[in-house]
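No value in this document is a laboratory result; all are computed from the given coordinates. Keep in mind it's a predicted model, so treat the numbers as computed, not measured. With ideal geometry, Cβ positions are generated from the backbone for all residues, glycine too; neighbour counts draw on all protein chains shown.
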Amino acid sequence: MPHDGVPFTEESMARFALLDRLRHPVWVFDIEARRVYWANPPALQVWEAASLDELCSRDMGQDMSDSVARRLQQYQSDFISHDMMFSETWTLYPNGHPRSLKVMFSGIRHQGRMLMLCEALGELQADPDTLRSAEALLHSPVFITLYQADGKALYRNPSAREQVLDPAECWQTRFVDPADLAALQQQLQAHGKGRLVARVLTRQGERWHEVSARHCRDAASGQPAVLVSEMDVSELKEAEARASYLAMHDILTGLPNRNFVQQHYPALLQQARAQNLEVALLCIDLDRFKNINDSLGHGFGDLLLVQMSERLKQLLAHGQQLARQGGDEFLLLLCAPQVKELAASLAAAIVESLGRPLWLHGQEVQLTASVGISLCADGAEDVQSHMRHADLAMYSAKEAGRNGVQFYDESMDARARSRLALEYEIRRGLENGEFEAFYQPRVDCFSGRIVGAEALARWRHPERGLLFPDSFIPASEESGLIRELDRQILAQVASQLANWQQQGRNLQVSVNLSASQFADPELPATLQQILQQSGCPAASIELEITESLLLAHDPHTMKTLAALQAMGFAIAIDDFGTGYSNLAYLQNYPLNTLKIDRSFISGLPQSSAIPELITSLCRILKLAMVAEGVETHAQLDWLREQGCQQYQGYLCSRPLSLRHFNELLEHGEEPPRSAV
């Protein structure tokens, strides 16, 4: 009776009765059930079984290794598909005792199932090392195959057999790329051995294998053979490919990055020259993108960069190579017979496309772009020169008002040197204390009394005299020196406010915070240090922020404003009405003052709709009002009627040096407008 309780048929009884008369051990193994199905008496002795029923009841899968289980499944598949036979050395463990046998395996069909007929040809008496090496070969994850000289397989260990599609395949047919096969054969011919990493065909499809091969002889026949061992390194190759991709591509946009440009653009240039094509390199930069990061946050800025890169991709034709240089700057390489005309038309399309407004997270945003173009005719022989020329042309487009296109010319080099020299001079000026605070009086609209001032930076250049902000603020922002400039002006104001308090003058001075300084996480600590060193109370300083900084309504903005208010500073929105603030958010911010921009004051009293709206909003939110740019008594009268508390402008005075401002405080007289 077999182990599953199914009685033998007459045919099977006759077959097994015949096998039962054999003197060498024979048994039938049910691979799916992982049990012995039948065994003759010599096999019972091999398995140390008291009876057939006792042997058939054993669960052979209980301590079966994964490699043995996979090997048996492969046997079954080969029995079914190819009616194959195998002769291998196996070590059995009946009752835990090792027995090494030479076993012949073949398939036997029984009641619609494929079972495995096992014939023990003899017990091996080899030394322990030989037995261990045979066992290791059986369980090794390395794919080991012995081939005849003509490429037919003589032996495959279980791991190798699992990999091949057809057990009769030759080793030469495994390679996907014939060049890999040729390279390995060349190594074998020259050195008797070879090694490479190649794509091979397997049961799982194309995989990357590290293949090692060497000439040898078949131990059974003595004929020339080739021993091939393989390891699957697909995961390593995929990791290398991923690392290479990340090294050459921008993660955010998926575009090639600066490394790609430096390593691959030179070859593209050489290829274009070989084809007698002209080359143009476009440098594309988003205008004032830093304001987006400062006001709406870097997460919002990243989303915007993705949208802009998608717009750029949609404009490209085949062969046009776009890359993200870094930040908000992109590079575009063009090759064409008449590239100047193509570059000009494509640059215009880029400016138009990037300038269209879009909606992100319920916020309408509109940016512009500046494009600089470098041509072969500019004398640039390499990628670095092209990049420098295109970059200079892009900065020239920004200086021309942004949202435009400029081709490189030699005069731009001089301007670049001038810009670099200016940055150096600003740095030196900060070190030498050449920047000073000027004060524009803030006047009570009703009493006419000076109640404070706005501090504005001026540069007393040792050679060029007094310089106004337009000549140094843009360069300070681009170079990152604006934070130190802001700090020095704040320190001067705090020190002077402390002096005025000692003189019995209680004034409040407003100081502008740049977007860069406001984004600095060290801002509260810096301000606290200034207060401690000067002895100035925080309430005497009003910090002005631009309306655009409130656009983000993000945790950093709220946290910073709350920290500044907790320190005692007053907070004002500068140039209110020129930005895009959601008015509903204003009530959530810790604000004290709205400063009405001069562009709305200049039309008073005739054009009053927007100023009326702003003054009404201030009354509703209980915010103080300061009007900027007041120049006429008619404007002042209108502001008084609306309840505006303070104003500043030429009606009282332009910004004054500390000496002239002190004179104004002493005498209460308006100085000449030309005074500095």
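For the reader, a short list of remarks on this structure follows.
- For the chain, the longest principal axis of the alpha carbon atoms and the long axis of helix 339-354 meet at an angle near 80°.
- Mean residue ellipticity (222 nm) of the chain, computed from DSSP H runs ≥ 4 via -39,500 (n - 2.57), nearest 500: -13000 deg cm²/dmol
- Shape category assigned to region 140-239 from the gyration tensor of Cα positions, a/c cut at 1.5: oblate
- Neighbour counts of C-beta atoms inside 10 Å place Val451, Val630 in the sequence Val451, Val630, starting with the fewest.
- GluC sites (Glu not before Pro) restricted to DSSP loop in region 614-659 with at most 16 other C-beta within 10 Å: Glu631
- Angle of helix 298-315 to the longest C-alpha principal axis of the chain, folded into 0 to 90 degrees and rounded to 10: 70°.
- Exposure proxy ranking, count of Cβ atoms within 10 Å, fewest first, for Ile350, Ile541: Ile350, Ile541
- Charge tally in the Cβ shell below 15 Å around Ile530, where Lys, Arg are +1 and Asp, Glu are -1, Ile530 excluded: -3
- Rounded if a/c under 1.5, otherwise prolate or oblate - region 249-409, Cα gyration tensor axes: prolate
- Candidate cross-link partners of Lys193 among the aspartates and glutamates, defined by an alpha-carbon separation under 18 Å and a same-chain spacing of 8 or more, comprise Asp150, Asp180, Glu210, Asp218, Glu230.
- Between helix 128-139 and the chain: long-axis angle, C-alpha atoms, 0 to 90°, nearest 10: 60 degrees
- With neighbours defined as other Cβ atoms within 10 Å of a residue's Cβ, the residues Tyr424, Tyr155, Tyr37 order from fewest to most as Tyr424, Tyr155, Tyr37.
- Sequentially through region 607-619, phi angles give Karplus couplings (6.51, -1.76, 1.60; θ = phi - 60°) of 9, 10, 4, 5, x, 5, 4, 5, 5, 5, 4, 4, 5 Hz, Gly and Pro residues having no value and appearing as x.
- Shape category assigned to region 10-127 from the gyration tensor of Cα positions, a/c cut at 1.5: rounded
- Filtered chymotrypsin sites (Phe, Trp or Tyr not before Pro), region 563-659: DSSP coil and at most 16 other beta carbons within 10 Å: Tyr580, Tyr650
- Spatially, region 203-275 and region 627-670 are offset by 74 Å when compared through their Cα centroids.
- Rounded to the nearest Hz, the phi-derived 3J(HN,Hα) couplings of region 496-511 under the Karplus curve 6.51 cos²θ - 1.76 cosθ + 1.60 (θ = phi - 60°) are 5, 4, 5, 5, 4, 5, 5, 8, x, 9, 9, 10, 10, 10, 9, 10, where x marks glycine and proline.
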